[in-house]
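A.B. asks: One structure, as structure tokens, below. Some questions next.
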Amino acid sequence: MTTELAPRRPLPFGIFGDLERPGQIFRDLGPNWFTSVMGTGIVANAAATLPFRVPGLHTFALVAWVLAAAWLTVLTAAWAAGWAKHTERARAHAASPAMAQFWGAPPMALITVGTGTLLVGRDWIGLTAAVDADWALWGLGAALGLATACWIPVLMMTRHEFEPEAVFGGWLVPVVPPMVAAASGALLVPYAAAGQARLTLLLGCYAMFGISLFMSVIVITLLWGRLVTQRALPAVLVPTCWIALGPLGQSVTAAGGLGTVAPLALRPPYAEGAGVLALLYGVPAWGFAMAWLVIAAALTVHTARRGLPFALTWWSFTFPVGTCVTGTIALADRTGDDALRYASAALFALLLAAWLTVAVRTVHDGARGRLFLPLRALS
């Protein structure tokens, strides 16, 4: 006697129609999903700091922050469920030389939402609650970010095996979180207790700035060499070239923010020197970021002519561009240069267009279930 399995009952409107069963969404839910939180959160943070008064812009920033915070909560719960139900597959994400890189995304998602809480969430929950929430999210994100900046490179050096053509923009993801923590930590310096606590926080942010900056320079150099000397990246990975903008734009943001709050903790002449560094480092780094943006855009257009399949890697078009927006704003505030102010608006328009495009595609393909299937290029 044989027992036949009951046929799968499809959900209405074709929801998760590409999956064998709805519960399959947890099976391959990887850390790369948190890039969508980063991309949404940076839209809120950039909108909140733009040097222009536009009707409805602050409300839009608040809505974007709410979306990012809610999505972070949902993803964290879903990821925990995935670990509980599919522990071995979840562990395999760290064993995968490509997917392991995206372990840097969850800490950056935490920090980005925390920054938005302080910048715009304070209007909803109050300043005291916003500061407390930011401390919690920033502290957890910074700790996890420092861990990924060391843990993933060690895995790459001791367990993972790579061919020269294995380098892609995702290699930057685990080393960027300390820079994100440095930029966001600058906002918390005024709320730290005066004296040793404030000084330690400031110096810690500068140390994280250095950790991420030098690691990112190494990886960007490797990426440049790979793009020039090896065969073209798989189309699905081409968007990750934009990730190089992340450490560049965020470093300009961090240098500017730390230079502004340095007088609260440092004695002369170091406080003034921090401001000088913010400008003399920020402008050259911003220039290189703009050059890389042009190169990344050209590579993307070149690939799109032959076919650019949608995947979660498209979120690389959002957060890195957002860091360029905040970095440009920091330079405009420091210099008073109108050209930089308008450049920040132009970059924000690019960010907004990218975010709307990628968010709509993510909702569409996610609802069908295809984004929850393993991506061979990242397996």
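The values are calculated or read from the model by the stated rules, or taken from the named source; none is laboratory data. These figures come from a predicted structure and were not determined experimentally. Please note: Cβ atoms are built from the backbone with ideal geometry, for glycine as well, and neighbour counts cover all protein chains shown. The accessibility values were calculated without ligands, DNA or RNA, using every heavy atom of the protein model including side chains. Shrake-Rupley method; radii C 1.70, N 1.55, O 1.52, S 1.80 Å.
A.B. asks: Helix by helix through the chain, keep the DSSP H runs that span 20 Å or more along the axis on Cα and average at least -1.0 on Kyte-Doolittle, and give those back in order.
C.D. replies: Numbers: long enough: 35-49 (21 Å, 0.99); 57-85 (41 Å, 1.35); 127-158 (45 Å, 1.31); 196-229 (49 Å, 1.54); 245-261 (24 Å, 0.83); 270-304 (48 Å, 1.35); 319-335 (24 Å, 0.73); 338-368 (45 Å, 0.84).
Taking the DSSP H segments of the chain (at least 20 Å long, mean hydropathy at least -1.0), we get 35-49, 57-85, 127-158, 196-229, 245-261, 270-304, 319-335, 338-368.
A.B. asks: Please give the FRET efficiency for ASP337 paired with ARG306, using the beta carbon to beta carbon distance and R0 = 45 Å, rounded to the nearest 0.05. Don't jump to the answer; show the numbers that get you there.
C.D. replies: Numbers: r = 40 Å, r/R0 = 0.88.
Between ASP337 and ARG306 the formula returns 0.70.
A.B. asks: If you don't mind, another one. From a point 7 Å beyond the Cα of PHE162 in the direction of its Cβ, which residues of region 82-119 have a backbone N at a distance under 17 Å?
C.D. replies: Of the residues in region 82-119, 94-105 have backbone N under 17 Å from the label point off PHE162.
A.B. asks: Pick out which of LEU264, LEU293, LEU351 has the largest mean-square fluctuation in a Gaussian network model of the chain, springs linking Cα atoms closer than 10 Å.
C.D. replies: LEU264
A.B. asks: Just how much of THR300 is accessible, in Å², when a 1.4 Å probe is used and the result is rounded to the nearest 10?
C.D. replies: Here the residue's solvent-accessible area equals roughly 20 Å².
A.B. asks: I would also like to ask the following. If packing is taken as the average number of other Cβ atoms within 10 Å across a peptide's residues, how do 99-105, 190-196 rank, most packed first?
C.D. replies: Details: 99-105: 25.7, 190-196: 12.1.
Peptide ranking by packing, descending: 99-105, 190-196.
A.B. asks: Say a site is exposed when it is one of the GluC sites (Glu not before Pro), sits in a DSSP loop, and has at most 12 other Cβ atoms within 10 Å; what is then the longest site-free stretch of the chain? Please report the intermediate quantities before stating the final value.
C.D. replies: On the way: sites that count: GLU4, GLU20, GLU161.
Longest gap between qualifying sites, sites excluded: 162-379.
A.B. asks: Based on DSSP loop calls and a cut-off of at most 10 other Cβ atoms within 10 Å, the longest stretch of the chain free of exposed trypsin sites (Lys or Arg not before Pro) is what?
C.D. replies: Values: sites that count: ARG8, ARG53, ARG231, ARG305, ARG306.
With a cap of 10 other Cβ atoms within 10 Å, the longest stretch comes to 54-230.
A.B. asks: In whole angstrom, note down how far apart the Cα centers of region 93-134 and region 237-316 are.
C.D. replies: If you average the Cα positions of each part, the centres end up 19 Å apart.
A.B. asks: May I pose another question? To the nearest 0.05, how large is the calculated FRET efficiency for ALA95 and ALA349 if R₀ is 51 Å and r is the Cβ-Cβ distance?
C.D. replies: 0.80
A.B. asks: Per residue, how much accessible area does the chain show when a 1.4 Å probe rolls over the protein heavy atoms, in square angstrom?
C.D. replies: 45 Å²
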